[in-house]
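So the structure is just underneath, and the comments pick up after that.
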Amino acid sequence: MYVGALELDVLLGDVHSLKQKRSVVKPVVAELRRRFEVSAAEAGHQDLHRRALIGVAAVAAEASHVRDLLDACERLVAGRPELELLSARRRLLGPDDD
C-alpha cells in the first residue's frame with residue numbers, strides 16, 4: 001500500500017473576503033474529490049482571504065498510481081484561471097517507510 005500527500009499553496013485572484021474565498025476554494029476541492037476520488041480539503045491559511053493551502057491525499061496499491069493521481073491533481077489546480085499555484089509539495093509513503 002502506498003499513501004501520497006500533496007500540499008498546494010495557491011494565491012487567489014480577485015477575492016476581497018473570506019466568504020468570496022470559500023466560493024472559489026470549495027468548488028476546486030469538490031472537483032478534486034469527484035474527478036480523482038482523493039481526499040481533499042482546505043488545510044491552511046484559513047484566516048487569509050487571498051491565500052489557500054489545499055491538501056490532497058491518495059492511497060493505492062502501486063506507487064506509480066499514487067504519483068499519477070497527485071500529478072493530475074496538481075495539473076487541475078495549476079490550470080484553474082482564478083488561482084495561481086505558488087508551490088506544490090508532495091510526500092509518498094510505502095511499505096518500507098516507518
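The values are calculated or read from the model by the stated rules, or taken from the named source; none is laboratory data. This one's a predicted model, so the numbers in the text were calculated from it and none came from an experiment. Neighbour counts are summed over all protein chains in view; Cβ atoms, including those assigned to glycine, are modelled from backbone coordinates with ideal geometry. Accessible surface is based on the protein model in full, side chains and every heavy atom, while ligands, DNA and RNA are left aside. Shrake-Rupley method; radii C 1.70, N 1.55, O 1.52, S 1.80 Å.
What the table below lists for this structure:
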quantity	calculated
Test set (1) in contact with a strand residue (DSSP E or B) (Cβ under 9 Å, 6 or more places away or on another chain); (2) open to solvent by less than 60 Å² (accessible area, probe 1.4 Å); (3) more than 17 Å from LEU86 (Cβ to Cβ) - SER17 fails condition number	(1)
Of residues in the range 39-54 being open to solvent by less than 40 Å² (accessible area, probe 1.4 Å) and at pLDDT below 95, the one farthest from ALA5 (Cα to Cα)	ALA52
Sole residue being out of contact with any Cys (no Cβ under 6 Å at 6 or more places or on another chain), at negative phi and surrounded by 14 or more Cβ atoms within 10 Å (Cβ to Cβ), chosen from ALA78, ALA30, ALA57	ALA57
Pair list, Cβ < 8 Å and 6+ apart or interchain, from the range 39-55 residues that are among the β-branched types (Val, Ile, Thr) to residues that are open to solvent by less than 60 Å² (accessible area, probe 1.4 Å) and not in a strand (DSSP E or B)	ILE54/VAL25; ILE54/VAL28; ILE54/VAL29; ILE54/LEU32; ILE54/VAL77
Among residues of the range 81-98, those that are surrounded by fewer than 16 Cβ atoms within 10 Å (Cβ to Cβ) and under 30 Å from HIS16 (Cβ atoms), counted	6
Pick from the range 20-38, criterion in contact (Cβ under 8 Å) with a residue 40 or more places away in the chain and charged (D, E, K, R), ranking: farthest from ARG80 (Cα to Cα)	ARG35
